Amino acid sequence: MKKEKKEKYSNYISLKESRKIIRYNIGQMKYYERLKRKKKEPSEYTTTMHDENNIIEVEDLETCFFTDTGTVQSVHGVSFAVPKNKVVGIVGESGCGKSVTSLSIMQLVQAPQGQVVGGQIRFNAEELGYDEEGRKLCYDIVQMPTKEMYNIRGKDITMIFQEPMTSLNPVFTIGYQLDEVSFLHTPDITKEAAKAYSIEMLKKVGISMPEHTYESYPHELSGGMRQRVMIAMALAGRPKLIIADEPTTALDVTIQAQILELLRDLQKQEGCSIMLITHDLGVIAEMADEVVIMYAGRVIERGTVQDIFHHPLHPYTVGLQKSKPLINSDTNEPLYSIPGQVPNPINLPNCCYFRNRCGKCMEKCKGEYPHEIKVSETHSVSCYLYEQE
Ligand SMILES: Nc1ncnc2c1ncn2[C@@H]1O[C@H](COP(=O)(O)OP(=O)(O)O)[C@@H](O)[C@H]1O
Ligand code: SF4
Ligand SMILES: [Mg+2]
């Protein structure tokens, strides 16, 4: 009887277990916070890029949240790279770790419960010089002290968030907030020069009355205009990498297309790279050069946009493609949806996370998590279907 009761409430955490989790969390959080405050020599947070043509290389990134119900492994060994002057799309269902990956790159994960616990994020900065062997140095953002991060965050790497209303401060004018970016990155700039630059940026993002918008408050603008202002703000520091986290999800479809076109044009003009996060494969097809598909905190497939759209391999990618509505479809069949849900990210077992939803599950899929298989120079997948005997 007792055993039955325990099984019935297997999701229930006893007071004793809860205390144990809290004690463990406090220990972990203190440890990682102490590491962040520690004084470091530049040699401790600089390294060399694996490929000079990349602006950022993420390798085996691990980001956890220490919650009262257990450790949430939000990002679990994620690796990908964003080449210079390219757009890389990160796709996946809600909750698969896209935002946490981008916040890890910006060192903005909600601390102390959220911590980057492993991996490397190599950022190709210009000013660092060369090591003894003549290789160009780069930053490792995971090891970088918070103080150093201020030098690149908002300048070399900027972010455009999903909801512009929550990112703009409602009590300051657009002009005040845009000028602030110039003052921060060019401290000796005059007030007049900052204003002129802000108005130039507003013009660049297609705002027709920039002087008027400069004097406006965020609530006086439409959603599309606000997102344009956010793009202007992101571009103001002349970044090398822009992270756009679902930049058009809060906008209606026609405005979405305009904003995406603007982003693509500006990326070409300015010669920067974009890491574009979205759950919409249509957006990826329009914008991206390369695609990374994420599932439950892991990268399950990556390749060029042609690889992913013409030869999708992982059953999850195939499912995502099938669940895309088509305008010219003439069948009356209901739209396909992938059965089941993303698994609970606490204490995930070491096996394929897509197993319970996969129509192609085989005996060997019960084994450990499939490692990444390179099927061509540009295309790789983590699935037992493509493992050679
Ligand atoms: N502040 C937080 N505290 C606890 N868990 C979090 C927090 N932020 C995100 N997570 C968890 O991390 C996982 C990934 O979230 P996220 O990166 O926001 O997903 P998405 O792919 O939709 O952007 C989710 O399971 C979410 O519950
Ligand atoms: S490894 Fe097996 S269960 Fe996982 S996606 Fe591939 S076929 Fe499906
Ligand atoms: Mg998100």
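Coordinate-derived values only; no laboratory data. The shown structure was predicted, so the numbers you read here are calculated from the model rather than taken from an experiment. Using ideal geometry, Cβ is built from the backbone for each residue, glycine included, and neighbour counts are taken over all protein chains shown.
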### Task
Net charge near GLY223: determine it from the other residues with C-beta under 11 Å of the C-beta of GLY223, scoring Lys and Arg +1 and Asp and Glu -1.
0
### Query
Cα centroid distance between the stretch 84-158 and the stretch 207-255, in Å?
23
### Summary
Per 5 angstrom bin, beginning at 0 and ending with the bin that holds the maximum distance, the Cα pairs of the stretch 1-139 fall in percents of 2, 8, 14, 16, 16, 14, 10, 7, 5, 3, 2, 1, 1, 0, 0
### Message
Relative contact order of the chain, please, whole-number percent, based on alpha carbon pairs below 8 angstrom and at least 6 residues apart.
### Response
18
### Task
For the stretch 88-99, take each phi angle, set θ = phi - 60°, evaluate the Karplus expression 6.51 cos²θ - 1.76 cosθ + 1.60, and give the result in whole Hz per residue in order, putting x for glycine and proline.
10, x, 10, 10, x, 5, 4, x, 8, x, 5, 5
### Dipole magnitude of the chain, debye to nearest 20 (Cβ charges: Lys/Arg +1, Asp/Glu -1, about Cα centre)
1820
### Summary
Over the chain, the sum of -39500 (n - 2.57) across DSSP H runs of at least four, divided by residue number and rounded to 500 deg cm²/dmol, gives at 222 nm -10000 deg cm²/dmol
### Query
Direction-averaged shadow area of the convex hull around the Cα atoms of the chain, nm²?
25.2
### Message
Please compute the length gained on full extension between VAL318 and GLU126, using 0.36 nm multiplied by the number of residues separating them and subtracting their Cα-Cα distance.
### Response
65.2 nm
### Rounded, prolate or oblate (a/c below 1.5 giving rounded, otherwise prolate when a/b exceeds b/c) for the stretch 291-389 by Cα gyration tensor
oblate
### Message
Over 19 Å apart: what share of the alpha carbon pairs of the stretch 67-220 falls there, rounded to a whole percent?
### Response
67
### Task
Between GLY206, GLY134, GLY27, find the one with the highest GNM mean-square fluctuation for the chain; connect C-alpha pairs within less than 10 Å.
GLY134
### Message
Quick check: the angle from helix 253-270's long axis to the longest principal axis of the chain, C-alpha only, nearest 10 degrees?
### Response
70
### Of GLY359, GLY303, GLY224, the one that fluctuates the most in a GNM where the chain has Cα springs shorter than 10 Å
GLY359
### Rounded to 5, the percent of DSSP beta bridges in the chain classed as antiparallel
65
### Query
According to the square roots a ≥ b ≥ c of the eigenvalues of the Cα gyration tensor, what is the shape class of the stretch 239-280, taking rounded for a/c under 1.5, prolate for a/b larger than b/c otherwise, and oblate for the remainder?
oblate
### Task
Mind pulling the angle between the C-alpha long axis of helix 174-185 and the longest principal axis of the chain? Nearest 10 degrees, somewhere in 0 to 90.
80
### Message
For GLY118, what residues show an amide H to amide H distance below 5 Å, using hydrogens built from the backbone and excluding near sequence neighbours?
### Response
GLU62
### Message
What do you get for the angle between helix 15-37 and the principal long axis of the chain? Use alpha-carbon atoms, 0 to 90 degrees, nearest ten.
### Response
40
### Summary
Mean-square fluctuation maximum in Gaussian network of the chain, Cα pairs under 10 Å, restricted to HIS379, HIS279, HIS371, hits HIS371
### Task
Just tell me which aspartates and glutamates come within less than 18 Å, Cα to Cα, of LYS84; anything on the same chain fewer than 8 places away is out.
ASP51, GLU52, GLU57, GLU59, GLU126, GLU127, ASP140, ASP156, ASP265, GLU270, ASP289, GLU290
### Order by protection proxy (mean Cβ within 10 Å, highest first), peptides 181-189, 282-290
282-290, 181-189
### Message
With a cap of 12 neighbouring Cβ atoms within 10 Å, and only residues DSSP puts in a loop, list the GluC sites (Glu not before Pro) found in the stretch 121-202.
### Response
GLU126, GLU127, GLU132, GLU133
### Task
Using the structure shown, select from LYS98/LYS322; LYS147/LYS204; LYS322/LYS364 the pairs with a Cα to Cα distance greater than 28 angstrom.
LYS147/LYS204
